[in-house]
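The values are calculated or read from the model by the stated rules, or taken from the named source; none is laboratory data. In this text, all values refer to a predicted model and were calculated from it rather than measured experimentally. So basically every Cβ, Gly included, is an ideal-geometry build from the backbone, and we count neighbours across all protein chains shown. Accessible surface areas use protein heavy atoms only, side chains included; no ligands, DNA or RNA. Shrake-Rupley method; radii C 1.70, N 1.55, O 1.52, S 1.80 Å.
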There are 2 protein chains.
Amino acid sequence: MNLRERKKQRTRDALLRAALELFATRGYEETTVDDIAAAVDVSQRTFFRYFAGKEETAFYVPRLAENQVVEAVRVRPPGEAPLEALRRAVLESWDTINETIEEIVPVELHLRVYRVIESTPALLAAHLRRATELEEELARIIAEREGLDVDADPRPRIVVALFGGVIRVTERLWSAGDDLTLEGMRQLTAAYLDQVGPALAGNWRTEQSP
Amino acid sequence: MNLRERKKQRTRDALLRAALELFATRGYEETTVDDIAAAVDVSQRTFFRYFAGKEETAFYVPRLAENQVVEAVRVRPPGEAPLEALRRAVLESWDTINETIEEIVPVELHLRVYRVIESTPALLAAHLRRATELEEELARIIAEREGLDVDADPRPRIVVALFGGVIRVTERLWSAGDDLTLEGMRQLTAAYLDQVGPALAGNWRTEQSP
DNA sequence: TGTCAATTGTCAGTGGCTGTCATTAGCCTC
DNA sequence: GAGGCTAATGACAGCCACTGACAATTGACA
């Protein structure tokens, strides 16, 4: 790796870290791109040469996690039912996500930024859009597993929509709660996915939820 | 109603219509607030006194439709299963949405704008965020119907997440297709909601989807 | 070492959006 | 119906995200 390449890498890392640190402490809207650039001592223009926009820095780490989930789903044995495959893939990939994140920024910082994403309208909106793109990708993978055509059979997209919906609900509840650890998120997700069956079964009033 | 009030109403309507017309023909990003203001012959500042932002104009009509759906769910007889109540509420309220829209703008214009929303990243993101807020509201209504506590029992949110997910899928498919009528949307939604059961049932490979 | 190409900084400009203040226009009372 | 009051508007200045263009710098490589 060149000196040039190394320098670029260092600038990129520095910008990313400075941005996330500022978002986590001061808030997203309260942080200007000039602030970030100044923290790393480069021009504002240089920031935009590394990131397409302020948003991109906030979603850099989450994107890594998402990619990992997609890979995990791809690798699931084809015998499993779709929802089961999705369930195992998330829970499993979150067991190893820690290291992936820590290579870039402290996990603790990432979790604080995650909370900022959930509580900042503009970021939440962007997050949800990314999520639907992810769902489309997952639907295609599921369809392929089952030997179906995504555009002809609604079922892959429906299952993925259900799954994605549950994930979003847990994300929101987790970020609003006070157990802001990866383990807490994992448990909440597992618990909610366990409730999918009961939620879709007959009469709720006859049986209490655990 | 005052002359003053009437004038305000006319300005608001004119701004809204001008905005939607421009979005539908030229595109959202290609339309500046100055363009909209100029079309109505008011200052840009005045535009921002009527609407919080450019986005708000794009979502004015959709918000009317959403409110109608929420009301329809509220009014559903408590005997119905949650998912069934949601299903009937949407399909039913879409039967009468036509008139509600036409009071503000031509339905045809609204449908064109809707397509712009789905194909413009920034608008799609905002739309999805609004949708999750709507889902939260629906979850509370469902919970109340069933005599449950939304924050203690995951099932209301899960059902609503599934429902919302299916709606989003159909919205996307509809706007990407070529039958851009309310009736087409209605049928697509009904068809997809009918597939929820099959999608969640056992082995997809044994039974073909209709 | 000198040449070439990539990286960066500077500057100017656009578009969304906000605060401020003076002007205008409808409203209401005497 | 004149005049004072208040709400609506316009004009202006400014912030922030983002982009294009061009010049200056800096690493790469012969």
Out of A:Leu64, A:Leu83, which single residue is away from DNA strand C (no atom under 16 Å from the Cβ), within 14 Å of chain B (Cβ to nearest Cβ) and either within 14 Å of A:Leu134 (Cα to Cα) or in contact (Cβ under 8 Å) with a residue 40 or more places away in the chain (or both)? A:Leu83
Kindly evaluate A:Gly165 against the criterion of being surrounded by 19 or more Cβ atoms within 10 Å (Cβ to Cβ) and free of Cβ contacts under 8 Å to residues at least 60 places away in the same chain. yes
Determine whether B:Glu108 is in contact (Cβ under 8 Å) with a residue 12 or more places away in the chain and surrounded by fewer than 15 Cβ atoms within 10 Å (Cβ to Cβ). no
Within segment A:121-151, take every residue that is in a loop (DSSP other than H, G, I, E, B) and facing chain B (nearest Cβ under 8 Å) and give me the one that is most open to solvent (accessible area, probe 1.4 Å). A:Gly147
From the options A:Asp34, A:Asp41, residue that is farther than 19 Å from A:Tyr114 by Cβ, away from DNA strand D (no atom under 11 Å from the Cβ) and open to solvent by 50 Å² or more (accessible area, probe 1.4 Å): A:Asp41
Which numbered condition B:Glu55 fails, given (1) open to solvent by 60 Å² or more (accessible area, probe 1.4 Å); (2) away from every other protein chain (no Cβ under 14 Å); (3) touching a Leu at 6+ places or on another chain (Cβ under 9 Å): (2)
Residues that are over 25 Å from A:Thr181 (Cβ atoms): list the helices (runs of 4 or more DSSP H) wholly contained in segment A:11-120 that include at least 3 such residues. A:33-40, A:44-50, A:54-75, A:82-102
In segment A:168-185, anything facing chain B (nearest Cβ under 8 Å), touching a residue at least 24 places away in the same chain (Cβ under 8 Å) and buried (at least 20 other Cβ atoms within 10 Å of the Cβ) is listed as A:Arg168
Which listed residue, of A:Ala152, A:Ala191, is free of Cβ contacts under 8 Å to residues at least 24 places away in the same chain and under 22 Å from A:Arg87 (Cβ atoms): A:Ala191
For B:Ala89, only one of the following conditions fails: (1) surrounded by fewer than 20 Cβ atoms within 10 Å (Cβ to Cβ); (2) in the same structural domain as B:Pro121 (by TED's automatic domain parsing). What is its number? (1)
